[in-house]
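*Asks:* Next up is a structure, given as structure tokens.
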Amino acid sequence: MSTPNPLGTRQSGLTLIELVVFIVIIGVALAGIVGVFNLNTQHSADPMVQKQALAIAESVLEEIELMPFTFCDPDDANATTAANAAGCATTAEAMGPEAAQGETRYAAATPFDNVNDYNGFTMNAGNGGIRDITGASVGGAGTLDAYSVTVAVAQAAIGAVPAADSLRITVTVTGPGSTNVVLDGYRTRYAPNT
């Protein structure tokens, strides 16, 4: 038996059904929010992999662009003064490293010394990964083993500069999760006396 309220007012509150419906709605909303956070966390590594691949590509492209591209072979005494190929004792080699001299990127005695030398150069994932110019693993052993680099160098005209005097350098880096970064750069031949 219920006792009447002495003030004559009706009491209000939540029923059990209203409370259960409220808990279900809040639970569904929280599950959705947690799902979004989880999805965001799963994909948060992707930008890091992309940025790492871009940093590798920029580094290799800069290394290549800083190499000489003259009329003479860089080992020629006239390399810094020749205004054309006729002024060279030894003209610049064809695309690719000079195999007869044993040039490699990592050789201390005969390192790559020209932009042309990098044509066809690769650093493969699982085969030492990304290495610096001395051959040491970058960032420590295993850090960048999942990345690969390939380089292509080809003659390409740039506006008024003929193809014989300019090179297009394409650096392609592949990494984990099908990450693929391609950077192109150009290097023009310079003749110090013209």
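*Asks:* Using 0.36 nm per residue, how much length does the chain from Ala136 to Asn38 gain when fully extended, once their Cα-Cα distance is taken away? Intermediate results must be reported in sequence, preceding the final value.
*Replies:* Details: separation 98, 0.36 × 98 = 35.28 nm, distance 3.74 nm.
Taking Ala136 through Asn38 to full extension adds about 31.5 nm, to one decimal.
*Asks:* May I ask you to derive the relative contact order of the range 52-188, considering only C-alpha pairs under 8 Å and at least 6 residues apart, and to give it as an integer percent?
*Replies:* Value for the range 52-188: 22 percent.
*Asks:* Okay, moving on. Let me know the shape class of the range 52-188, please: from the alpha-carbon gyration tensor, a ≥ b ≥ c as square roots of the eigenvalues, rounded when a/c is under 1.5, otherwise prolate if a/b is greater than b/c, or oblate. Please report the intermediate quantities before stating the final value.
*Replies:* Details: a/c = 2.85, a/b = 1.62, b/c = 1.76.
Oblate, because a/c is 1.5 or more while a/b does not exceed b/c.
*Asks:* I need the peptides 47-59, 166-178, 75-87 ranked by packing, meaning the mean over residues of other C-beta atoms within 10 angstrom, with the highest value on top. Don't skip to the end; give the middle numbers.
*Replies:* On the way: 47-59: 16.5, 166-178: 18.0, 75-87: 14.5.
In decreasing order of mean packing, 47-59, 166-178, 75-87 become 166-178, 47-59, 75-87.
Read the figures in this text as sums done on the coordinates, not as results from a lab. It should be emphasised that the depicted structure is a prediction, and the values quoted were computed from it without experimental measurement. Using ideal geometry, Cβ is built from the backbone for each residue, glycine included, and neighbour counts are taken over all protein chains shown.
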